[in-house]
Amino acid sequence: MKQKKATWDDVLLRIQEELNDKHAFEAWFKPLEPVSFKSDKVRMRVPDEYFLKWFKRNYADILERTLAEFYGHSIKVEYEWKDTGVVPSPNTAKVPVRNGRLFGLLDLRFTFDTFVVGKSNEFAYAAANAVAESPGTRYNPLFIYGGVGLGKTHLLNAIGNKIISSRTNLRVCSITTDQFMNDFVRASVTNKILEFQNFYRNSFDVLLVDDIHYLEGKPGTQDQFFHIFNIFFNARKQIVLTSDKYPQNLSEVEERLKNRFEQGLIVDIKPPEYETKVAIIRKKALLENFYLNEELAHYIVQQVNADNVRKLEGALVRVLAYASMKGGDITKELVDEALSGFISQRRKLTEDDVINTVARHFNIRANEIKSKKRTKHIAFPRQIAMYLCREVLHSSFPDIGHRFGGKDHSTVIHSVNKIKELVKNDPDIRELIENLTKKLKG
Ligand code: ADP
Ligand code: MG
């Protein structure tokens with residue numbers, strides 16, 4: 001669709017269709033004010049910094065995509081906000097080179113000071129701190145693993161920031177596995193492998209590599225990394241790696257590399273406990289110069305109900321954006337308003353979700369649960385799944401029967417009652433149900 005004369009209203013209309021979320025549209029696209037349209041550049045005014053932060057993270061790609069669709073080529077969008085003028089480039093928080101001792105990126109906001117310590121992460125925190133205080137002497141490599149959005153990158157950057165700002169003269173390389181791989185691929189096609197190897201092997205004293213699980217299935221890059229790793233390791237130079245998996249659970253990664261990863265200290269970060277979540281958002285609010293009282297912090301944590309700190313932070317950014325747009329205090333009402341779209345983004349669970357989760361747990365196929373097979377290793381998971389549909393989704397008996405491949409509702413009632421009895425009397429079953437319920441609710 002090439003329509004050079006499209007108006008802003010046309011663009012908005014298209015976005016509204018695509019977004020299909022009235023609340024989000026009102027909150028995040030209505031306030032945009034295009035200041036100038038040029039053939040390759042659009043200038044957009046936004047209410048303020050918080051708005052922009054959130055917008056960039058969540059909606060900027062829709063805007064850019066839609067503009068590109070109208071113009072027939074990609075368009076650069078520049079943002080400005082009312083008081084502060086033009087927005088500095090998005091990477092100002094990241095300084096590419098400091099004192100000539102840093103290669104790669106470190107996010108200055110990610111320090112030990114801004115990291116909230118709780119039971120879920122205290123071991124990882126302590127290990128990271130020890131490594132930052134005396135790199136190369138204690139735990140090498142330090143391998144930090146854990147789920148998405150739990151603070152791995154934060155700790156990795158905290159180590160880098162601390163070393164860079166210390167009085168040592170250590171040179172730090174802080175990169176993601178993707179960057180490393182891209183460098184390697186570029187070096188291969190330009191016949192500069194030797195330069196690539198020399199660079200990584202000899203230019204630094206500390207090697208920080210984020211998201212090492214991206215090495216999965218990349219034998220060439222693994223090979224390069226293996227040799228660099230060894231050089232650092234043998235020279236007692238600090239290596240810190242993060243991963244979303246425990247080393248041995250990395251698939252398609254060479255055994256010799258996994259063994260290397262296990263040579264030092266492995267620490268995990270678990271999902272934060274409730275109190276830690278409350279403390280994290282209070283701290284984050286303070287860092288943005290907002291005061292969030294304890295009661296409201298609890299309220300937000302309860303509303304969002306996420307283990308992922310990044311998601312929690314997203315909710316907070318949204319609340320703060322609303323607060324600064326409205327100019328008032330943060331209240332319960334404001335939180336409700338700010339989060340109403342955010343929370344409803346959660347998709348409603350369906351019977352198929354239950355079936356899939358149960359099938360995965362018992363290592364059988366979803367189709368088998370829906371089948372007529374009566375062998376115990378299928379029938380029992382089927383009964384569990386039916387029970388969960390009833391208890392968690394509150395589906396009707398006939399509905400459940402229908403979703404389970406056309407079973408009679410009396411069969412469903414029988415199954416649900418049977419599991420109900422077991423839950424009452426058998427602690428193992430109770431625990432199984434609790435775990436599955438947790439998995440389902442995410
Ligand atoms: P990961 O790399 O594990 O996916 P990140 O380190 O990017 O997660 O963390 C996601 C967000 O959550 C970041 O903004 C980070 O600052 C924040 N965060 C995670 N854990 C904590 C914590 N314990 N204290 C403060 N902020 C945290
Ligand atoms: Mg990360």
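Compute, for residue 273, the solvent-accessible surface of its heavy atoms (probe 1.4 Å) with the complete set of protein chains present, and express it in square angstrom to the nearest 10.
Its accessible surface works out to 70 Å², give or take rounding.
Under the rule of -39500 (n - 2.57) per DSSP H run of 4 or more residues, summed and divided by the residues of the chain, what mean residue ellipticity at 222 nm is obtained, to the nearest 500 deg cm²/dmol? Before the final figure, lay out the partial values.
Numbers: 20 runs with 238 residues, N = 442.
Calculated from helices alone, the mean residue ellipticity at 222 nm is -16500 deg cm²/dmol.
Rounded to whole Å and sorted largest first, list the principal axis extents of the Cα atoms in the stretch 95-269.
Here the spans come out as 46, 38, 27 Å, largest first.
List the residues, sorted by chain then number, that are 5 or more residues from residue 44 or on another chain and whose placed amide H is less than 5 Å from its amide H.
Long-range HN contacts for residue 44: 35, 78, 79, 80.
Using alpha-carbon pairs under 8 Å, 6+ residues apart, how would you state the relative contact order of the stretch 94-209 in percent? Don't jump to the answer; show the numbers that get you there.
Values: 129 pairs, mean separation 34.5, N = 116.
That works out to 30 percent.
Select from 317, 42, 217 the residue farthest towards the positive end of the dipole of the chain; place +1 on Cβ of Lys and Arg, -1 on Cβ of Asp and Glu, and compute about the Cα centre.
217
Please compute, over every Cα-Cα pair in the stretch 209-255, the percentage with a separation greater than 11 angstrom. Don't skip to the answer; put the middle values down first.
Details: 729 of 1081 pairs.
Cα-Cα pairs of the stretch 209-255 separated by over 11 Å account for 67 percent.
Rolling a 1.4 Å sphere over the protein heavy atoms, what is the accessible area per residue of the stretch 8-81, to the nearest Å²? Provide the component values of the computation, followed by the final result.
Details: 3590 Å² over 74 residues.
Value returned for the stretch 8-81: 49 Å² of accessible area per residue.
With a 10 Å radius around each residue's Cβ, average the other Cβ atoms per peptide and rank 293-300, 126-133, highest first.
On the way: 293-300: 16.6, 126-133: 19.6.
Highest-to-lowest ranking by the protection proxy: 126-133, 293-300.
Based on alpha-carbon positions alone, could you give the equivalent ellipsoid semi-axes of the chain from the gyration tensor, as √(5λ), descending, whole Å? Mind dumping the intermediate values first?
On the way: eigenvalues 321, 234, 115 Å².
Over the Cα atoms of the chain, the ellipsoid semi-axes are 40, 34, 24 Å.
Sequence gap at least 6, Cα distance under 8 Å: using those rules, report the relative contact order of the stretch 170-274 to the nearest whole percent. Mind dumping the intermediate values first?
Working: 112 pairs, mean separation 29.1, N = 105.
Reported as a whole number, the value is 28 percent.
Give me the distance in nm between label points sitting 7 Å out from Cα along the Cα-to-Cβ direction at residue 356 and residue 78, one decimal.
My value for the distance between the label points is 4.4 nm.
How many nm is it between the label spots at residue 274 and residue 363, if each spot is 7 Å from the Cα in line with the beta carbon?
The modelled label-to-label distance comes out at 3.5 nm.
Starting with the highest mean, order 407-419, 238-250, 429-441 by the number of other Cβ atoms within 10 Å, averaged over the residues of each peptide. Before the final figure, lay out each step's value.
Numbers: 407-419: 16.6, 238-250: 20.8, 429-441: 14.2.
Output ranking for 407-419, 238-250, 429-441: 238-250, 407-419, 429-441.
For residue 102, enumerate residues with amide H under 5 Å from its amide H, sequence gap 5+ or separate chain, H modeled in the peptide plane.
172
Place the peptides 360-372, 59-71, 274-286 in order of packing, highest mean first, counting for every residue the other Cβ atoms within 10 Å and averaging per peptide. Each step should come with its number before you reach the end.
Details: 360-372: 15.2, 59-71: 17.0, 274-286: 19.0.
Most protected by this proxy first, the peptides run 274-286, 59-71, 360-372.
Over the stretch 311-427, what relative contact order in percent results from Cα pairs under 8 Å that are six or more residues apart? Don't jump to the answer; show the numbers that get you there.
Numbers: 91 pairs, mean separation 20.8, N = 117.
Reported relative contact order: 18 percent.
Which links in 348/424; 119/270; 283/438; 376/407 stretch past 19 Å when you go from one Cα to the other? Don't skip to the end; give the middle numbers.
Numbers: 348/424 28 Å; 119/270 8 Å; 283/438 27 Å; 376/407 17 Å.
Pairs exceeding the cut-off: 348/424; 283/438.
The values are calculated or read from the model by the stated rules, or taken from the named source; none is laboratory data. Predicted model, so just to flag it, every value in this text is computed and none were measured. For neighbour counting, all protein chains shown are included, and Cβ atoms are generated from backbone atoms with ideal geometry for every residue, glycine included. The accessibility values were calculated without ligands, DNA or RNA, using every heavy atom of the protein model including side chains. Shrake-Rupley method; radii C 1.70, N 1.55, O 1.52, S 1.80 Å.
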